Structures are given as structure tokens and as C-alpha cells.
There are 2 protein chains.
Amino acid sequence: MNKEAPIGIFDSGVGGLTVARKIFEILPSENIVYFGDVGRTPYGPRSKEIIIQFTTQDVAFLAERDVKFIVCACNSSSAVALDEIKKDYHIEMVGVIDPGARAAVEKTKNGRIGVIGTNATIGSNAYAHIIHHIDPDLKVFSLACPLFVPLVEEGYVDKDATYLIARDYLQTMLDVEIDTLVLGCTHYPLIKHVISEVMGEDVTLIDSGEETAREAQRILTESDLLNPASAQPPPPEGSRKYYVSDVPAKFSRMASRFLGHEVENITRVDISKY
Amino acid sequence: MNKEAPIGIFDSGVGGLTVARKIFEILPSENIVYFGDVGRTPYGPRSKEIIIQFTTQDVAFLAERDVKFIVCACNSSSAVALDEIKKDYHIEMVGVIDPGARAAVEKTKNGRIGVIGTNATIGSNAYAHIIHHIDPDLKVFSLACPLFVPLVEEGYVDKDATYLIARDYLQTMLDVEIDTLVLGCTHYPLIKHVISEVMGEDVTLIDSGEETAREAQRILTESDLLNPASAQPPPPEGSRKYYVSDVPAKFSRMASRFLGHEVENITRVDISKY
């Protein structure tokens with residue numbers, strides 16, 4: 001495997017950019033190829049079969065870009081599709097569920113963990129499954145919050161309506177007295193302040209994307225696959241390439257909100273061909 | 001053309017069922033084939049090119065069902081794709097834009113019309129284009145309300161958050177003193193009461209779907225294509241068939257909210273093959 005090859009990151013759309021951002025911070029010298037399936041976003045409300053079909057195409061596209069490692073930055077794909085697809089490739093892959101689940105187990109003191117995400121992620125019970133595999137005595141409470149993604153995408157990150165909806169959704173989490181809450185969707189870090197205000201300061205929020213970026217660093221280090229340029233200053237912006245399955249304009253607009261800076265190098269790809 | 005052949009209705013998902021419901025009321029004896037592209041919904045935030053690609057497949061699927069007439073119940077498809085696709089078929093087709101636009105022109109007294117819809121519909125300027133073609137002196141104010149679709153789909157049809165968001169969106173419509181507002185998205189009739197409360201009783205709301213059902217009746221009558229059974233009592237439920245591009249479970253759940261009754265006969269189809 002070529003150490004200078006890029007890391008491939010994919011997501012159903014723009015949400016995975018919160019994971020990409022953490023990877024840029026921790027591994028600034030790595031070359032990155034990001035694929036966002038904006039032409040078929042969101043995955044969260046869809047069935048397992050459709051998510052497997054779409055994710056298979058996303059991975060095939062990245063594999064063709066000769067990536068050395070794949071980060072599945074989509075919780076819905078990680079929850080229902082990644083394990084099946086992994087088997088068909090020699091490229092190592094990591095999803096966002098395992099790292100988030102493990103971090104929650106480490107953080108909880110009262111043994112009561114909450115998980116919020118899309119319908120697909122919550123319906124799969126993937127977080128609870130991994131948490132119970134580590135410690136069967138922990139209590140896990142899972143809740144789908146389907147309106148959070150459109151609210152974030154419409155820039156409703158600091159509006160009264162968003163606080164109202166968050167209080168609606170999260171009241172049951174307050175009732176069951178969790179002390180740790182997993183943000184099981186890559187859009188949610190953008191409304192972390194809202195979720196934090198509703199849950200109160202005694203509840204630790206786990207950002208699955210952040211944990212995944214650390215896991216990627218660990219695996220690449222152990223597999224001796226870090227880019228040799230890693231010790232040097234960050235490479236030029238050109239080593240970060242973005243591919244999307246619809247016209248780049250909307251992705252470009254949203255990307256700056258998710259990444260905190262403008263992006264270039266956005267190429268459109270017909271994902272239905274993969 | 002076989003008069004007993006079904007009418008084909010399609011939409012990006014469940015929204016078109018508000019149009020189907022009106023057609024059931026006005027033309028109870030017609031056989032109906034409904035296709036909902038729930039595996040790729042929503043179309044509204046996507047680009048013109050992607051919407052044309054998806055709509056072409058939707059129409060190809062219905063054409064293969066030997067329909068006598070096609071109702072494009074999706075505003076986004078009607079706005080950006082239908083005119084292009086029509087040319088390739090001998091089947092007559094009607095979209096939701098023309099009937100809605102014409103009804104608004106008839107209703108307005110002060111010559112100031114508002115149009116709300118998805119990003120694709122509003123970005124296309126399709127309503128304004130038709131309204132100005134009829135009367136260039138009318139003033140048209142258009143506004144995208146992207147959160148209305150997810151709010152309706154999550155059942156947030158009577159919550160404080162929905163009223164807050166509606167007030168946010170519609171304030172500019174109040175400022176410009178329209179007297180007629182076109183609901184340019186088939187989801188919006190489900191929050192008509194919210195929109196009506198925000199706009200006040202002096203503003204007439206136009207339901208494009210309802211106008212389209214009447215237009216379908218008019219065209220079928222003029223073309224002598226009404227099902228000869230029309231004068232008789234409604235046919236059995238079996239003559240209404242539903243096809244969807246993801247597992248039927250979620251469609252089935254939402255359909256009863258949109259139609260007011262349970263649906264059967266839901267078949268899954270792989271739309272990517274068309």
C-alpha cells in the first residue's frame with residue numbers, strides 16, 4: 001500500500017465534513033479524497049437495503065481513486081452497511097459507530113448512556129449493540145431526532161424553533177437520567193450548544209466524528225501507513241479533493257459552514273455508474 | 001388509447017398523495033397507478049440536472065404500466081423537467097405548476113401574488129413565468145421554505161416550532177402585501193391551517209394539487225378519455241396501485257396521513273433500472 005495515497009472519506013452528503021475537519025486537524029499532511037452523495041442525501045430515513053446499495057457505490061468510487069484507507073463518515077452507512085461491504089476489499093475501513101460507542105463506555109460514570117441519530121442509525125441499534133458487547137451491564141437509551149439534519153442544513157443552528165424541537169426530542173433523555181450522550185450523526189456537532197443547553201452541564205456529549213478521526217490516526221500509525229510528509233508542515237490545499245453526486249454549488253456553500261473555510265477542487269461524479 | 005387504462009401519478013415521495021386524494025374525489029371510478037420515489041426523495045433541494053434524470057425514470061416506469069394520462073404531482077419535477085420529457089411521449093401529461101398559476105391569476109384582486117415552494121421550484125421561477133405570460137402587470141413574490149417538507153413528514157403539523165418557523169419564513173410575504181398565496185409544494189396543504197393563521201384571513205391560499213386534479217378532469221373529458229365506468233359507483237380499492245422505490249413500510253405509514261385512509265397494494269420497484 002502506497003503511504004502517500006490519499007485517505008478516502010465518504011458521507012451521504014455534507015455532514016461527514018465535520019469528521020473531515022477533525023482529520024485535517026489531527027493529520028494535516030495527509031492527502032484526502034472526500035465523496036459526498038449530495039444527489040441522494042439523506043440516507044437516514046431510508047431502508048437498510050437502499051443504504052447498502054448506495055454505500056456499496058460510494059466505496060467503489062473511492063476504491064477507484066486508489067485510497068489507502070477509507071473513513072465511512074456517515075452514521076447510517078456505518079450502522080447498516082459497512083460490515084457487509086468491508087469483506088469485499090483489502091483496504092482497511094473505519095466507521096463512526098465503534099469509536100463513538102467506545103468513548104461513551106469510557107466516559108459514563110452512572111452506567112446510563114443516551115444515543116441520538118437518524119432513523120436508520122437508531123433503528124439499527126448499532127451503538128447499543130457495541131456498547132453491550134463491551135459491557136452488558138450498561139443501560140442504553142436510543143432516540144431518533146430526524147428534524148435535526150434539515151434544521152442544520154437550513155442554518156437553523158441558533159433559532160428558538162431549534163431549541164423548542166430539541167426540548168421536545170430530548171425530554172425523554174432527561175427523564176431517564178443519562179450522564180453521557182452520543183451525537184450519533186455528523187450533523188449534530190453544529191448544534192452541540194443547543195443540545196448541551198437542553199441536557200445541562202452534567203451530561204457529557206460524545207462527538208462520534210471526533211473519536212473517529214482519532215481512531216483513523218491510531219490505525220494508520222499501527223499499520224505504518226502515515227504519509228511520510230506527516231512531520232512536515234501541512235501540504236497545500238490542492239491535496240484535498242472533493243467529489244459530489246450533484247452540482248457542486250450547494251455543497252460548496254454548505255461546506256464552508258461545516259469546515260470553517262472555503263473549499264475548492266469540487267468535481268461532480270455520476271455515482272449511479274458505480 | 002384505452003379509456004380503461006389507469007391514470008399514472010408520480011411524485012418524489014408521499015407529497016403527491018395530496019393530489020391523488022383530490023383525483024380520487026373528483027374521478028372516483030378511474031384506475032390509478034401511483035409512483036412515489038421515496039428511495040431518492042426529496043427532489044426539492046437538488047439541481048435541475050438531477051431532477052431531470054430522476055423524473056425521466058419516473059415517467060418511463062409509468063409509461064411501461066400503459067397509463068393513458070400522466071399527472072406529475074411533484075412541483076420540483078413540474079418546474080424543471082416535465083416540459084423536456086413530454087416531447088418524447090405520446091401520452092398527455094399535466095404538471096402542478098400551470099393549474100396553480102392560473103388559479104392565482106383568477107383569484108388576485110390587488111395584483112400581488114406570493115408563491116412558496118422548495119428550492120428547486122422557487123429557483124426555477126416557473127410560477128412567475130406562467131403568471132407573467134398570462135398578465136405581465138401582476139407582481140409575483142417567490143420564497144423557498146425548505147423546512148416545511150421535513151416538518152410535515154415528521155408530523156410537526158400543529159407544533160409551536162412549526163408556527164415559529166412559518167412566521168420566520170412568511171414575514172416577507174406579509175411585508176409585500178400579497179392577497180393570494182400559491183402553495184407550490186404538495187406537502188404544504190397539510191400545514192394549510194398554520195400558513196393561513198400566519199398570513200391572515202384576507203390572503204387566499206391556492207392549493208396547486210387541487211387545481212391540478214380539476215385540470216386532469218377537464219383534459220380527460222375533452223380528450224374523451226374518461227373511464228366509461230365513471231358514471232357508476234367507485235370501483236373496488238384494487239384499482240389503485242402504489243409503487244415505491246424503497247421498502248413500502250414508511251410510505252404505508254405516511255400515506256394514511258396524506259390520504260386519510262390506509263393503503264394496500266404497495267409494490268417496491270428498482271427505479272435505477274429505468
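Listed values, structure above:
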{"item": "Condition broken by B:TYR156, with the remaining ones in (1) touching a Lys or Arg at 6+ places or on another chain (Cβ under 9 Å); (2) in a loop (DSSP other than H, G, I, E, B) satisfied", "result": "(1)"}
{"item": "Test set (1) part of a helix (DSSP H, G or I); (2) touching a residue at least 60 places away in the same chain (Cβ under 8 Å); (3) not assigned by TED's automatic domain parsing to the domain that holds A:TYR43 - A:LEU174 fails condition number", "result": "(2)"}
{"item": "When residues of the range B:139-152 are limited to those that are buried (at least 18 other Cβ atoms within 10 Å of the Cβ) and touching a strand residue (DSSP E or B) at 6+ places or on another chain (Cβ under 6 Å), the one nearest to the other protein chains (Cβ to nearest Cβ)", "result": "B:CYS145"}
{"item": "One residue from B:GLY155, B:GLY114 being under 21 Å from the mean Cα position of the chain (by Cα), within 14 Å of chain A (Cβ to nearest Cβ) and farther than 22 Å from B:CYS72 by Cβ", "result": "B:GLY155"}
{"item": "Contacts under 7 angstrom Cβ, first residue in the range A:145-163 being not assigned by TED's automatic domain parsing to the domain that holds A:ARG253, partner charged (D, E, K, R), 6 or more apart", "result": "A:PRO146/B:GLU154; A:LEU147/B:GLU154"}
{"item": "Qualifying residue in the range B:57-69 (condition: of a type in the set (Val, Ile, Thr) and within 14 Å of another protein chain (Cβ to nearest Cβ))", "result": "no"}
{"item": "Single condition A:TYR169 does not satisfy, out of (1) more than 13 Å from chain B (Cβ to nearest Cβ); (2) assigned to a helix (DSSP H, G or I); (3) among the aromatic types (Phe, Trp, Tyr)", "result": "(1)"}
{"item": "Test: residue in the range B:126-141 that is among the charged types (D, E, K, R), in contact (Cβ under 8 Å) with a residue 24 or more places away in the chain and within 20 Å of A:TYR156 (Cβ to Cβ)", "result": "no"}
{"item": "Cβ pairs under 7 Å, 6+ apart, first in the range A:194-215 and free of Cβ contacts under 8 Å to residues at least 12 places away in the same chain, second surrounded by 15 or more Cβ atoms within 10 Å (Cβ to Cβ)", "result": "A:SER196/A:LEU205"}
{"item": "Top-ranked residue in the range A:177-191 [being surrounded by fewer than 23 Cβ atoms within 10 Å (Cβ to Cβ) and in a loop (DSSP other than H, G, I, E, B); ranked as farthest from the other protein chains (Cβ to nearest Cβ)]", "result": "A:ASP179"}
{"item": "Check on B:TYR127, assigned by TED's automatic domain parsing to the domain that holds B:ALA255 and either within 15 Å of the chain's Cα centre (by Cα) or crowded, with 24+ Cβ neighbours inside 10 Å (or both)", "result": "no"}
{"item": "Some residue of the range B:222-245 being within 14 Å of chain A (Cβ to nearest Cβ) and either assigned to a helix (DSSP H, G or I) or of a type in the set (A, V, I, L, M) (or both)", "result": "yes"}
{"item": "Selection count where residues are out of contact with any Pro (no Cβ under 9 Å at 6 or more places or on another chain) and crowded, with 19+ Cβ neighbours inside 10 Å, scope the range B:106-120", "result": "6"}
{"item": "Checklist (1) modelled with pLDDT of 95 or more; (2) closer than 22 Å to A:ALA213 by Cα applied to A:ILE52, failing item", "result": "(2)"}
{"item": "Test: residue in the range B:207-219 that is within 14 Å of chain A (Cβ to nearest Cβ) and over 30 Å from B:LEU147 (Cβ atoms)", "result": "no"}
{"item": "Residue list for the range A:117-143, filter: of a type in the set (Gly, Ala, Ser) and under 12 Å from A:ASN75 (Cα atoms)", "result": "A:GLY117, A:ALA120, A:GLY123, A:SER124, A:ALA126"}
{"item": "Flag if B:PRO136 is touching a helix residue (DSSP H, G or I) at 6+ places or on another chain (Cβ under 7 Å) and either at pLDDT 95 or above or not aliphatic (A, V, I, L, M) (or both)", "result": "no"}
{"item": "Search result, residues across the range A:192-220 that are of a type in the set (Val, Ile, Thr), touching a Leu at 6+ places or on another chain (Cβ under 7 Å) and in a helix (DSSP H, G or I)", "result": "A:ILE195, A:VAL198"}
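Yes/no per residue for (1) within 17 Å of A:ILE266 (Cα to Cα); (2) polar (S, T, N, Q); (3) in contact (Cβ under 8 Å) with a residue 60 or more places away in the chain; (4) not assigned by TED's automatic domain parsing to the domain that holds A:ALA126:
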site	(1), (2), (3), (4)
A:ASP37	yes, no, yes, yes
A:GLY44	no, no, yes, yes
A:GLU49	no, no, no, yes
A:GLN53	no, yes, no, yes
A:ILE70	no, no, yes, yes
A:SER76	no, yes, yes, yes
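The values are calculated or read from the model by the stated rules, or taken from the named source; none is laboratory data. This structure is a prediction, so every number in the text was calculated from the model and none was measured. Note that each Cβ is placed from the backbone with ideal geometry, even for glycine, and that neighbours are counted across all protein chains shown.
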